[in-house]
Each structure stands twice: as structure tokens, then as C-alpha cells.
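Chemist: Below are the C-alpha cells for one structure; questions will follow.
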Amino acid sequence: MKILVANLGSTSFKYRLFDMETEEQLARGGIDRIGEDADSNCDVEIGTHSSEQQQRISDHAAAVQMCLDQLTDPEFGCLESVDEVTAIGFKAVFAGKLSGIRLVNDKLLEAMENLADVAPAHNPPYVRAMRQLQASFPNIPLVAALETAFHETIPAKYRTYAIPSEWTEKYEVRRWGFHGASHRYIGTRMAQLLDNDDAKIISCHLGGSSSVCAMRGGESQSTSMGMTPQSGLPQNNRVGDFDPFALRLVKRLTGKDYDELLDELSSQGGLLGISGVSNDCRDIEEAAANGNGKAQLAIDVYAADIKRYAGQYLAVLNGADAIVFTGGIGENSDVIRTKVCEEMTYAGIVLHAEKNQQRGGERLISADESKVQIWTVPTNEELVVARQTAELVEC
Ligand code: ADP
């Protein structure tokens, strides 16, 4: 069985094709700047073949068509026909109580559309692409693996906001949690690496979007993202946790309405907002190294927030077996890892300075005397979605 997994951003499309008999990744590709007034970068790797080209891609349907053309290319493709794809799985973000792993149908698409205002960077591109794909490939089942599904195990005491209970019960305002596929992968992989099915893990997924998750026995116990992916840690350009009452003041002082202010918080906030430099951690680290104070502050705030959540989760789990860093920043930034782990000796957490400098792959980076292991582990959200998609279509 071959499963295609689609990972969409507002202007990007990444895919991987898996053979589920062996879980071998047959192909991967990525297309960015979709729908923009510029050429997209279109990368593909199929077996030993890899290529990059620039081409204008008008929308997500065109991106998917390009992906299918690449996969069926007579010269280097790995499929004879698109019919070999059993299903397409989506790492979809938010459909409220329609969580879990489910076939894409009108009910789900409507739920995602209705929640577009609380997940503005995520839901609209998924709904658009899913509708386009339904029309173009009516015979291929589409499956949504909702990011919130993994967090259904969080106890009520950690998912309930202190708000009027009617908001919780009637409007489902609660901590839903996101990055489910990534944290699930880390939980499963760490159980193997530690040879412990009941391991207590603090998983730090740090990338364009970031979240921390406390897990025990591979199940989510608490996580930093709440009702929406704008919450929790500072994100690349989204705000993270924030006191909503400050909005009244800024509204009065700027004359902007609440929608404008929320749009600003979800596009001009986060690391970009504090640093004023970029939404990319690499640029911010470079600016900080060159003496830019705001860039340094962005790094300090981000790392301090990760540390604060890690501290909370040591309390939630009554200690931890391992802290794991994953995602583009988690895997690559020794600067952030150092700042998160410094002054954690009270909990027996000691980073190995040299091992922390090395890059790539699964690595144990704690000092020998550290009571809590520290790891970097590349996540594989797509494999999790492929497994879940295969399970659903097999039933
Ligand atoms: P997404 O959440 O969009 O999938 P990724 O997990 O790919 O994001 O992470 C992207 C982020 O990783 C980039 O914004 C960049 O800031 C960060 N990153 C990548 N390489 C490095 C590096 N060497 N040092 C610091 N940050 C890095």
C-alpha cells in the first residue's frame, strides 16, 4: 500500500510517499511561494534522483498536480500511475470536536472552515487543497489526521481554562493542543531508544511553530499550545501566551479594532515581533551575535519560555526520563538548547557542551552525570500520518 502525505503551509506544499509494507520513504518533495508573484522552488528526491527547479505555481492544486507528475515521471518516477496511491493523508490542524483520524467529507471541511478564524494560518490552505483534490481525484480517499487527536488524553485539570463553564461546555473553548503527530512520533521513538514503554518525556518541538509536551507512556499529559496554534511559546510571527485584557488598552490607544489587533498578533508577533529582525531563528541568532539587543531579547524570551514549560512539566510528570529537542530549531540550534538547559541542575539536568555542538541525526547530548537524558531526535510527522491514514483506509 502506498500512502502520500501532504503537509501544507499557507504558501507551501511538502509531501512524502511511503510504501507501508516496509514504511520505506519512496519520495519526498517540497514547493514554496505558491500563489505568490514569484517563482516557486520545487525540490524532489525520488530514490537516488534529486532535482531542483524554479517555476511559477498558481495554487495548491497545481502544486499537488506537479507532485503527482514528479512521482509518475517516466524517467525517474516511482509510480506507474496515480492509481497506485491508496490514499492521501493530511497533517490537518483544527476541526474542534471533530478530532482524531477521519475521512475528509463535507462535514469535516465545514468544521475546518468554521474555525478558520482561530487557525488563520493553517485551516484555509488545507480546506482549499482538500476541496481541489476531491474534485481532481475523486477516486483517491483523503484522510485528515487532526493535530489535536494526540492530546485527547490530557486530563481535565490541565486542559480547562478558568473561564465561565458555559464557554467550555457550549463553545468548546479549552486547551486543545497541536503538533500531535510530532509529539506522538517522539513518544514512540523515545520508548524504543530508552527501552521503556512508560517513559516520562518532555518533548520540545521547536520550529516555525513551537510547542512543548509532557508525555508518559507515549500519552500526552499536558502541552503548551492551547485553544489555537497562536498560543503557548512565542511562535515565529505569532504571539504565544498573552493577556487578552492588554488588547483593550492597545485598541483605545491605536483606534484599531479587535480583528486588526488579532491579525497583527498572529502575523507580526512572536520572534519577529520582539526582534524586529526576522521570523527565522537563524537570522535572529546572527543579528544577536552581531550585537542587536532586540534580537538577543527574542532569543532570551523564547528560551526562557521553553525552560518555564519544561519546569512545569517536570512538576506535572513528577520528574522526567528525557528532554527531547526536535523541529528545525530544536534539532539545529545549540544556542537555544544551551539556554533552555542551563541552571537546571536542581533537576539533575546537565547538557554535554561538546555533544550539544554536533549536528544531525538522533543524538544523546546530556553529560554522563545528568539524571535526565537530553536528546535531539529528528521528528517524522509524515510517517505518523501515513500510519494513521493506512490504518483508517484498511478498516
Ligand atoms: P516548520 O514548523 O515550518 O515545519 P521547521 O521545523 O522546518 O519549521 O523549522 C524551521 C525553523 O528552523 C526556521 O524558521 C529556522 O528558524 C530554524 N532553523 C533551521 N536551521 C537552524 C539553525 N541551524 N539554527 C537555528 N535555527 C534553525
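Each value in this text was obtained by applying a stated rule to the coordinates, not by laboratory testing. Please read all numbers here as calculations on a predicted model, not as lab measurements. Every residue, glycine among them, receives a Cβ derived from its backbone with ideal geometry; neighbour counts consider all protein chains shown.
Chemist: I'd like the per residue volume of the convex hull spanned by the Cα atoms of region 1-155, given in cubic angstrom. Could the numbers behind the result be given before it?
Modeler: Values: hull volume 18.1 nm³, N = 155.
Output value, Cα hull per residue: 117 Å³.
Chemist: While we're here: Quick check: residue separation of D83 and D39 times 0.36 nm, minus the Cα distance between them. What number comes out in nm?
Modeler: Full-extension gain reported as 12.9 nm.
Chemist: Top mean-square fluctuation among V377, V173, V93, Gaussian network model of the chain, C-alpha springs under 10 Å?
Modeler: V173
Chemist: Right, next: Under a GNM of the chain (C-alpha, springs under 10 Å), which listed residue has the highest mean-square fluctuation: S222, S209, S333?
Modeler: Fluctuation is largest for S333.
Chemist: Sticking with this structure for a sec: What is the spin-label model distance, in nm, from E343 to K170 if the labels are put 7 Å beyond Cα along the C-beta direction?
Modeler: The answer from the label model is 4.6 nm.
Chemist: Which residue fluctuates most in the GNM of the chain (Cα springs below 10 Å): T338, T188, T254?
Modeler: Fluctuation is largest for T254.
Chemist: On a full-extension model of 0.36 nm per residue, what is the gain between D243 and E260, subtracting their alpha-carbon distance, rounded to one decimal in nm? Mind dumping the intermediate values first?
Modeler: Values: separation 17, 0.36 × 17 = 6.12 nm, distance 1.67 nm.
Taking D243 through E260 to full extension adds about 4.4 nm, to one decimal.
Chemist: For the chain, what is the calculated [θ] at 222 nm in deg cm²/dmol (nearest 500), taking -39500 (n - 2.57) for each run of four or more DSSP H residues and dividing by its residue count?
Modeler: After summing the helix terms and dividing by residue count, I get -11000 deg cm²/dmol.
Chemist: In sequence order, what are the phi-derived ³J(HN,Hα) couplings for region 44-55 according to the Karplus relation 6.51 cos²θ - 1.76 cosθ + 1.60 with θ = phi - 60°, rounded to whole Hz, with x for glycine and proline?
Modeler: 8, 9, 10, x, 8, 7, 9, 8, 9, 8, 10, 7
Chemist: Where the convex hull is taken over the Cα atoms of region 92-137, what is its projected area averaged over directions, in nm²?
Modeler: Computing the convex hull of the Cα atoms and averaging its projections yields 3.0 nm².
Chemist: With Kirkwood's inverse mean 1/r over C-alpha pairs for Rh, give me the Rg to Rh ratio of region 105-230, two decimals please.
Modeler: 1.02
Chemist: Check the straight Cα-Cα distances from K170 and name the aspartates and glutamates below 19 Å, setting aside those fewer than 8 residues away within the same chain.
Modeler: Partners within reach: E110, E113, D117, E152.
Chemist: I would also like to ask the following. What is the dipole size for region 1-77, taken about its Cα centre, with +1 at each Lys and Arg Cβ and -1 at each Asp and Glu Cβ, in debye to the nearest 20?
Modeler: Computed about the Cα centre, the dipole is about 180 debye.
Chemist: Give the long-range amide H neighbours of G226: residues separated by 5 or more places, or on another chain, with amide H under 5 Å away, using H modelled in the peptide plane at 1.01 Å from N.
Modeler: Amide H neighbours of G226, under 5 Å, 5+ apart: G177, S231, G232.
Chemist: At a temperature of 4 °C and a viscosity of 1.567 mPa s, determine how fast region 240-312 diffuses translationally according to Stokes-Einstein, using the Kirkwood radius over alpha-carbon pairs as Rh; express D in µm²/s, rounded to the nearest whole number.
Modeler: Result for D is 96 µm²/s.
Chemist: Could you tell me what percent of the DSSP beta bridges with both partners in the chain are antiparallel, to the nearest 5?
Modeler: Counting only bridges with both partners in the chain, antiparallel ones make up about 70 percent.
Chemist: For region 234-242, take each phi angle, set θ = phi - 60°, evaluate the Karplus expression 6.51 cos²θ - 1.76 cosθ + 1.60, and give the result in whole Hz per residue in order, putting x for glycine and proline.
Modeler: Ordered by residue, 3J(HN,Hα) equals x, 9, 4, 9, 10, 5, x, 4, 6 Hz.
Chemist: Can you tell me what the convex hull of the Cα atoms of the chain projects to on average, as an area in nm²?
Modeler: Orientation-averaged projected area of the Cα hull: 21.0 nm².
Chemist: OK, next. Just for the Cα atoms in region 189-339, what are the lengths along the principal axes, largest first, rounded to whole Å?
Modeler: Cα extents, longest axis first: 56, 35, 20 Å.
Chemist: Further, regarding this structure: Rounded to two decimal places and with Rh computed the Kirkwood way over Cα pairs, what is Rg over Rh for region 62-111? Working shown, then result.
Modeler: Numbers: Rg = 14.8 Å, Rh = 13.1 Å.
Radius of gyration relative to Kirkwood radius: 1.12.
Chemist: Could you give the longest part of the chain that holds none of the trypsin sites (Lys or Arg not before Pro) found in DSSP loops with at most 12 neighbouring Cβ atoms within 10 Å?
Modeler: Here the longest run is 98-358.
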